[in-house]
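Encoded as structure tokens, the structure appears first; notes follow it.
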Amino acid sequence: MSAPTMKLRANAVPDVIPVGEIMPWAIFMGLIGLLAMYFVGAEQGATSLFHGMYVHEWVHDARHLLGFPCH
């Protein structure tokens with residue numbers, strides 16, 4: 001079998017991604033990441049938003065994977 005070859009164009013220009021199109025998605029994903037980090041790292045005890053240990057039990061393994069102490 002022969003190896004596939006790439007045909008390069010002499011005037012190839014890389015596609016430009018405008019920052020204005022990426023920024024709203026980057027902010028949204030950053031907020032989702034912060035929310036996830038809160039639930040994994042701090043949702044228990046005095047800072048708890050939900051009563052009980054339900055959220056703590058759902059994210060228990062993620063806590064240990066990320067190095068957060070919980071017991």
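The values are calculated or read from the model by the stated rules, or taken from the named source; none is laboratory data. In this text, all values refer to a predicted model and were calculated from it rather than measured experimentally. So basically every Cβ, Gly included, is an ideal-geometry build from the backbone, and we count neighbours across all protein chains shown.
For the reader, a short list of remarks on this structure follows.
- Of all residues making up the stretch 17-56, the number that are modelled with pLDDT under 85, part of a loop (DSSP other than H, G, I, E, B) and exposed (fewer than 10 other Cβ atoms within 10 Å of the Cβ): 4
- Evaluation of His60 against (1) exposed (fewer than 10 other Cβ atoms within 10 Å of the Cβ); (2) within 19 Å of the chain's Cα centre (by Cα); (3) not acidic (Asp, Glu) (one fails), failing number: (1)
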